[in-house]
Amino acid sequence: MRVDVVTIFPEYLAALDVSLIGRARKDGLLDVHVHDLRDFTVDKHRTVDDTPYGGGAGMVMKPEPWALSLLSISEQSPAGARPLLVVPSPAGQVFNQALAHEFAGREHLVFACGRYEGIDERVLDWASESFDVLPVSLGDYVLNGGEVAALAMVEAVGRLIPGVVGNPESLVEESHADGLLEYPVYTKPSFWRGRGIPPVLLSGNHAKIAEFRRTEQFIRTAARRPDLLASIDVPSLTATDRAA
Ligand code: SAM
């Protein structure tokens with residue numbers, strides 16, 4: 001998969017060189033390119049923002065540097081692939097695991113990291129001629145820029161690409177994989193600072209352990225994220241769940 005990130009703070013994306021995503025890049029599983037939006041300005045001050053029409057606080061990102069950067073990126077798109085332009089925005093669709101899976105199925109993702117009051121709205125309409133365009137929010141709060149959102153999305157998507165996470169089983173049992181949160185996990189020692197672990201985990205009975213974990217998934221989801229239970233996909237429940 002090819003990933004392009006356009007930002008006025010390329011150094012923010014240095015985290016993409018680290019850990020699993022960094023290794024995936026070295027292994028050629030992820031082809032990541034970070035672009036400085038200022039490289040696509042034409043004035044000597046490398047200006048990327050201007051005052052908002054209609055007045056009001058803050059500055060708005062000028063459209064032309066975005067057009068030039070996106071044109072250059074679309075020319076480098078893998079043959080035959082229509083790129084997906086993800087525009088991080090608190091006014092976008094909220095990112096979740098289902099969207100991460102959708103993104104992981106694309107050949108080319110492009111992240112347009114806004115700053116200030118955001119990007120001139122016309123850029124999204126213009127870009128839709130060559131990109132699928134999707135404003136995406138990390139959650140219901142406001143960040144200073146889209147870089148943290150892009151990092152989070154690249155990491156969530158990157159780990160779904162085959163070969164990025166060493167043991168693919170870890171993806172199956174994770175929170176949100178089947179609509180539920182993950183069960184609690186423990187490691188050695190079995191008794192620590194006055195606290196033990198659920199005895200079933202020491203039983204060696206794999207069926208009982210699986211049943212215990214499944215129940216814990218429901219208990220935890222009901223306690224922490226009851227909203228998830230409302231949208232759970234019933235066919236994803238196991239035969240044991242349905243019998244219970
Ligand atoms: N004025 C904008 C609004 O109220 O919708 C917020 C602009 S914010 C200060 C600057 C940039 O940060 C946005 O253009 C976007 O790229 C990014 N951003 C802020 N909050 C975000 C969120 N929750 N999810 C994704 N990106 C966000």
Test: residue in segment 135-155 that is in a loop (DSSP other than H, G, I, E, B), charged (D, E, K, R) and within 16 Å of the ligand (Cβ to nearest atom): yes
From the options Ser19, Ser89, Ser74, residue that is more than 16 Å from the ligand (Cβ to nearest atom), crowded, with 17+ Cβ neighbours inside 10 Å and among the polar types (S, T, N, Q): Ser74
Qualifying residue in segment 96-113 (condition: of a type in the set (A, V, I, L, M, F, W, C), under 30 Å from Ile232 (Cβ atoms) and out of contact with any helix residue (DSSP H, G or I) (no Cβ under 7 Å at 6 or more places or on another chain)): yes
Long-range neighbours under 7 Å by Cβ, at least six apart or interchain, first residue closer than 30 Å to Glu155 by Cβ within segment 32-58, second among the aromatic types (Phe, Trp, Tyr) and part of a loop (DSSP other than H, G, I, E, B): Asp49/Tyr116; Gly58/Tyr116
Evaluation of Asp120 against (1) away from the ligand (no atom under 16 Å from the Cβ); (2) more than 13 Å from the chain's Cα centre (by Cα); (3) surrounded by 13 or more Cβ atoms within 10 Å (Cβ to Cβ) (one fails), failing number: (1)
Wholly within segment 56-134, helices (runs of 4 or more DSSP H) carrying at least 2 residues that are closer than 30 Å to Val172 by Cα and of a type outside the set (Val, Ile, Thr): 97-104
Filter pass, Ile232 being part of a loop (DSSP other than H, G, I, E, B), within 23 Å of the chain's Cα centre (by Cα) and away from the ligand (no atom under 16 Å from the Cβ): yes
Condition check for Asp27: away from the ligand (no atom under 16 Å from the Cβ), over 30 Å from Gly166 (Cβ atoms) and touching a residue at least 24 places away in the same chain (Cβ under 8 Å): no
Matching entry among Ala112, Ala104 (being within 16 Å of Val136 (Cβ to Cβ), more than 16 Å from the ligand (Cβ to nearest atom), surrounded by 15 or more Cβ atoms within 10 Å (Cβ to Cβ) and modelled with pLDDT of 95 or more): Ala104
Yes/no for Gly158 being more than 13 Å from Leu70 (Cα to Cα), crowded, with 17+ Cβ neighbours inside 10 Å, of a type outside the set (S, T, N, Q) and more than 11 Å from the ligand (Cβ to nearest atom): yes
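The values are calculated or read from the model by the stated rules, or taken from the named source; none is laboratory data. Computed from a prediction, not measured in an experiment: that's the story for all the values here. Please note: Cβ atoms are built from the backbone with ideal geometry, for glycine as well, and neighbour counts cover all protein chains shown.
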